[in-house]
Amino acid sequence: MVRDGTTGGTPAGNGRRPRGVGGRRPRGVGAIVSSAHLAAGASPALSELEFGLILASHAFSRWMVRCMAAAGVPGLSAMEVLILHSVRHRDRAKTLADLCLVLDIQDTHVATYAIRKLATAGLVATGRAGKEKLIRITDAGRAACDRYAEIRERLLVRATTSTGPAEEVLSQIGAQLRALSGSYEQAARAATTL
């Protein structure tokens, strides 16, 4: 079965084959990507990474929503769950600007809507310090985050620690992804000038 969208199954790009079991690619299987035409360039491996990011991003979003629902708070979007955990971080009040900076949210109205929904649900509270609007976690929000953490440990952490990469490798992957995000940001800025 050809999984790269090509008809002949030839390797994409520069002829290098993706590595499978034992570091070798199965014969006739090209890069595993969602868009073979993008993998035909100088870096088919980047296209493989992007496909992995697409799948991981969607899976992570589904996980957050379902885990929070299992924690007793159904109906939140992935963005709302992210903001809730970010508000809970270190149990310090945050500004809207803090949240948008940390989570790399460019459309502040998305964060504002999420905060309003979380406040309506009683999970966060808003207040002011001078002209700054502050968002803080409530006891109900803290309890929801704690239940989420318990479910995460039981269902996700146990599974990844027994079958997944070692802690050091996960940490390295996280560092690589953060570094790559800078490359994508720079490329996005450059693309706006074209």
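The values are calculated or read from the model by the stated rules, or taken from the named source; none is laboratory data. What you are looking at is a predicted structure, and each value in this text was computed from that prediction instead of being measured. Because the Cβ atoms are built from the backbone with ideal geometry, glycine has one as well, and the counts that use them run over all protein chains shown. The protein model used for the area step is the full one, side chains on, heavy atoms only, and it has no ligands, DNA or RNA in it. Shrake-Rupley method; radii C 1.70, N 1.55, O 1.52, S 1.80 Å.
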> Of the residues 5, 9, 28, 72, which is small (Gly, Ala, Ser), assigned to a loop (DSSP other than H, G, I, E, B) and at pLDDT 95 or above?
Replying inline: 72
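Would segment 179-186 turn up any residue that is among the aromatic types (Phe, Trp, Tyr), under 22 Å from residue 56 (Cα atoms), out of contact with any Phe, Trp or Tyr (no Cβ under 7 Å at 6 or more places or on another chain) and surrounded by fewer than 16 Cβ atoms within 10 Å (Cβ to Cβ)?
Checked segment 179-186: at least one residue is among the aromatic types (Phe, Trp, Tyr), under 22 Å from residue 56 (Cα atoms), out of contact with any Phe, Trp or Tyr (no Cβ under 7 Å at 6 or more places or on another chain) and surrounded by fewer than 16 Cβ atoms within 10 Å (Cβ to Cβ).
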>> Going through 61, 57, 34 one at a time, which residue ends up being within 27 Å of the chain's Cα centre (by Cα), modelled with pLDDT of 75 or more, surrounded by 15 or more Cβ atoms within 10 Å (Cβ to Cβ) and in a helix (DSSP H, G or I)?
In response: 61
>> Is it the case, given these coordinates, that residue 156 is under 23 Å from residue 62 (Cβ atoms) and either exposed (fewer than 14 other Cβ atoms within 10 Å of the Cβ) or modelled with pLDDT of 95 or more (or both)?
In response: yes
>> Against the conditions (1) open to solvent by less than 70 Å² (accessible area, probe 1.4 Å); (2) over 18 Å from the mean Cα position of the chain (by Cα), where does residue 139 fall short? Just the number, please.
In response: (1)
> Name the pairs whose Cβ atoms lie under 9 Å apart, with the first residue in segment 167-179 and over 12 Å from residue 53 (Cα atoms), the second in a helix (DSSP H, G or I) and open to solvent by less than 70 Å² (accessible area, probe 1.4 Å), and 6 or more positions between them or separate chains?
Replying inline: 170/160
>> Filter segment 142-164 down to the residues that are in contact with a helix residue (DSSP H, G or I) (Cβ under 6 Å, 6 or more places away or on another chain) and closer than 23 Å to residue 98 by Cβ and list them by number.
In response: 145, 148
> When you go through (1) open to solvent by less than 60 Å² (accessible area, probe 1.4 Å); (2) touching a Leu at 6+ places or on another chain (Cβ under 8 Å) one by one for residue 175, which number turns out not to apply?
Replying inline: (2)
> Do any residues in segment 124-146 that are more than 13 Å from residue 83 (Cα to Cα) and free of Cβ contacts under 8 Å to residues at least 60 places away in the same chain have Cβ atoms under 7 Å from those of residues that are part of a strand (DSSP E or B) and among the aromatic types (Phe, Trp, Tyr), where the two are at least six apart or on different chains, and which pairs are they?
Replying inline: none
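Could you pull out the residue among 118, 84, 99 that is in a helix (DSSP H, G or I), surrounded by 11 or more Cβ atoms within 10 Å (Cβ to Cβ), modelled with pLDDT of 95 or more and in contact with a Cys (Cβ under 8 Å, 6 or more places away or on another chain)?
On the way: 118 fails: in contact with a Cys (Cβ under 8 Å, 6 or more places away or on another chain); 99 fails: in contact with a Cys (Cβ under 8 Å, 6 or more places away or on another chain).
Matching residue, one of 118, 84, 99: 84.
Criterion first (loosely packed, with under 15 Cβ neighbours inside 10 Å and within 17 Å of the chain's Cα centre (by Cα)) does residue 130 satisfy it?
Details: loosely packed, with under 15 Cβ neighbours inside 10 Å: yes; within 17 Å of the chain's Cα centre (by Cα): no.
In short, no.
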> Which is open to solvent by less than 70 Å² (accessible area, probe 1.4 Å), touching a Phe, Trp or Tyr at 6+ places or on another chain (Cβ under 7 Å), under 25 Å from residue 116 (Cβ atoms) and aliphatic (A, V, I, L, M), of 71, 78?
Replying inline: 71
> Is it true that residue 168 is under 20 Å from the mean Cα position of the chain (by Cα) and of a type in the set (D, E, K, R)?
Replying inline: yes
